[in-house]
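Where a number appears in this text, it was derived from the coordinates with a stated rule and is not lab data. Keep in mind the model is a prediction, meaning the values are calculated, not measured. Cβ atoms come from the backbone with ideal geometry, glycine included; neighbour counts cover every protein chain shown.
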Amino acid sequence: MSTILVIGGGIAGLTAAIEAAETGYDVIIVEKNPYLGGRVAQLRKYFPKLCPPYCGLEIFFKRIKSNPKVKIFTMAEVVSIEGEAGNFDVTIKINPRYVNDNCTACNECVEVCPVERPNEFNFGMDKTKAIYLPHEMAFPLKYVIDPEYCKKDECKACLSACKYSAIDFNMEPKTMKVNVSSIVVATGWKPYDASNLDNLLPEHPDVITNMMMERLAAYNGPTKGKIVRPSDGKEIESIAFVQCAGSRDENHLPYCSAVCCLATLKQATYVREQYPDAKVYIFYIDIRALGRYEDFFAKVQADENVVLIKGKVAKIEESEDGLIVIAEDTATGVKTRQKVDMVVLATGMQPSSSEYKIPGIEYDDYGFVVPKDGIIAAGVARKPADVASCNEDATGAALKAIQVVRRR
Ligand SMILES: Cc1cc2nc3c(=O)[nH]c(=O)nc-3n(C[C@H](O)[C@H](O)[C@H](O)COP(=O)(O)OP(=O)(O)OC[C@H]3O[C@@H](n4cnc5c(N)ncnc54)[C@H](O)[C@@H]3O)c2cc1C
């Protein structure tokens, strides 16, 4: 009767869960993906230290694994919430993974699977088999079958190859009911859909989003970390970053996502690390690098191959062997036409609720969670923020969740 439910197993949800559990409270994490870690699992490096984000996640996984107070349900979603603070009845649906706990991640199933599907972890830039490991560091380290692509009984190649009887095509969705005292909603965000930005040539293969850039630069990404032009694999001589691509714009996301400037500065270092002669052009409205991030901005700005142009990009055009970024440089009043090999659109963070709203949760006009008694929002589900701020926010959310339990 003193359980705290955490919806979303990204960095905010993990923080809230472990902080509450280590204080002695029972916690249930409900995560819709087959793995924990959220968007942070897709990042190549963290600004400003430029260290690998997975180290931090692994520490959380270790704390969670060794804490019997935390129960994790992946591939799970909250279907309904009834009741009030101190006494919520929650229905959870668990979708079938078609792979059971016998899985040893030996990969033999993947080797025999004849079907491919787009790899959503890498934003469709490569493919996985219909049976796959979501990514090589996935926690839990368990394979999953995509029922949209798997031929199941018509094929059975993986079933025959698996020595551990880990594959079960007969798994069905399950529902379960839990009673909890408080709920932390940490459902995070998804990248703003770049296909809405018609003037920025979003369908062109060499115009990618900032999250695609994270995967392109990742050692376990589609190019094993080599940043190359997607259409032809050409090495990069010049690249443009378009800030506020759909952000601070009444027609798209009216708010600032708080991290895109820093993400671009970080990604400029990815390019410069690989290409000592490459030119990086950053088109921006204002660079938002507040507080301790100012030093990081200054460091990247000091690189003479990183050119910052204050001006909103009006258009991207295709040219012979490249792209042309058209903007007005507001410092000089001159209209610029910069030719580059490829473009990265710094798209903002849109709350996950834009895709699916959890019944019983209230949202504001943008889709951020509105807290109410017993229901606490944490991380980007509450407002756009970087990881350190999400950690702090979620620690506060754990305290608020505990207060409701103690009031019971
Ligand atoms: C290009 C880019 C680069 C960035 N780089 C950095 C960086 O270097 N350093 C930094 O500090 N920050 C960075 N950020 C910001 C960072 O990604 C966020 O701060 C962080 O992801 C927020 O964590 P979260 O847990 O709130 O959300 P998420 O990471 O989105 O996690 C939310 C989790 O909830 C799950 N979920 C969603 N809906 C449901 C549902 N209905 N039911 C169950 N589960 C659900 C999701 O599957 C996900 O696992 C970057 C952002 C961008 C766009």
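A few remarks follow.
- For chymotrypsin sites (Phe, Trp or Tyr not before Pro), the sites in region 178-260 that DSSP calls loop and that have at most 13 other Cβ atoms within 10 Å are Y219.
- Taking 23 Å as the straight-line reach from the Cα of K93, the lysines in range (excluding those fewer than 8 positions away in the same chain) are K32, K65, K69, K71, K142, K152, K174, K177, K190, K357.
- Taking 16 Å as the cut-off, the amide N atoms of region 152-192 that come nearer than this to a point 7 Å along the Cα-to-beta-carbon line of C106 belong to 157-168.
- Computed magnitude of the charge dipole of the chain (debye, nearest 20; Cβ of K, R +1, Cβ of D, E -1): 1160 debye
- The amide H of I72, built 1.01 Å from its N in the peptide plane, has I29 as neighbours under 5 Å, considering only residues 5 or more places off or on other chains.
- Counting 0.36 nm for each residue step from D198 to D373 and taking away their Cα separation leaves a gain of 58.8 nm.
- The GluC sites (Glu not before Pro) of region 319-408 meeting both criteria, a DSSP state outside H, G, I, E and B (loop) and at most 13 other C-beta atoms within 10 angstrom of the site's C-beta, are E320, E355.
- Of the DSSP H helices in the chain, those whose Cα atoms cover at least 24 Å axially and whose Kyte score averages -0.5 or more: 387-407
- Taking a ≥ b ≥ c as the square roots of the eigenvalues of the Cα gyration tensor, an a/c ratio of 1.5 or more together with a/b no larger than b/c marks region 108-161 as oblate.
- Global form of region 1-102, assessed from the alpha-carbon gyration tensor, a/c cut-off 1.5: prolate
- Prolate/oblate/rounded call for region 193-347, Cα gyration tensor, a/c under 1.5 rounded: rounded
- Length added when fully stretched, Q403-S354, from 0.36 nm per residue minus Cα-Cα: 14.7 nm
- Estimated distance in nm for a label pair at K174 and E22, the labels positioned 7 Å out from Cα along Cα-to-Cβ: 3.0 nm
- Per-q log10 I(q)/I(0), the chain, q = 0.07, 0.10 Å⁻¹ (Debye; single scatterer per alpha-carbon; no solvent): -0.36, -0.73
- The calculated FRET efficiency for N251 paired with C55, based on their beta-carbon distance and R0 = 41 Å, is about 0.55.
- With contacts taken as Cα pairs under 8 Å and at least 6 residues apart, the chain reaches a relative contact order of 21 percent.
- Annotation: amide H-H contacts under 5 Å for Y46 (H modelled 1.01 Å from N, sequence separation of 5 or more, or interchain): C51.
- Gained length - D295 relative to K312, 0.36 nm times residue gap less alpha-carbon distance: 3.7 nm
- For region 193-347, the relative contact order comes to 29 percent (Cα pairs under 8 Å, sequence separation of at least 6).
- Region 237-251 versus region 1-65: alpha-carbon centroid distance in Å: 30 Å
- Other residues with beta-carbon under 11 Å from the beta-carbon of D341 carry, at +1 per Lys or Arg and -1 per Asp or Glu, a net charge of -1.
- Dimensionless Rg ratio for region 329-372, taking C-alpha atoms and the 2.2 N^0.38 Å reference: 2.07
- Note: relative contact order over region 108-161, using C-alpha pairs below 8 Å and six or more positions apart, is 39 percent.
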